[in-house]
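Values quoted throughout were computed directly from the atomic coordinates according to the rules given, and no laboratory measurement underlies them. Model, not experiment: these values are computed from the prediction. All Cβ positions, glycine included, derive from the backbone under ideal geometry; neighbour counts span all protein chains shown.
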Amino acid sequence: MEYQRTELEIAWEELSFWRDFAVWWKAERGNTPEPRILEALYEAERRYEQTRGQRI
């Protein structure tokens, strides 16, 4: 039987990626703001919260 990832798992992986990437960016570039990264992180957080809310 093939394992299918749930929407919650996918949303969590996306959120984890953008959090890690934001931390890496800050370490590499200092406090240079990057609006695209912040926007992607915000959207990933929003998607995760929406997905988590649907499972309750």
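Per-structure values
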{"read-out": "In range of the label at Glu13: residues from region 21-41 whose backbone nitrogen is under 17 Å from the point 7 Å along Cα→Cβ", "value": "21"}
{"read-out": "GNM result for the chain, Cα springs below 10 Å: residue of Arg46, Arg36, Arg19 fluctuating most strongly", "value": "Arg36"}
{"read-out": "Of the GluC sites (Glu not before Pro) in the chain, those whose Cβ has at most 12 other Cβ within 10 Å and which sit in DSSP loop", "value": "Glu2"}
{"read-out": "Spherically averaged projected area in nm², based on the convex hull that wraps the Cα atoms of the chain", "value": "4.8 nm²"}
{"read-out": "Helical mean residue ellipticity (222 nm; -39500 (n - 2.57) per DSSP H run of 4+; nearest 500) of the chain", "value": "-26500 deg cm²/dmol"}
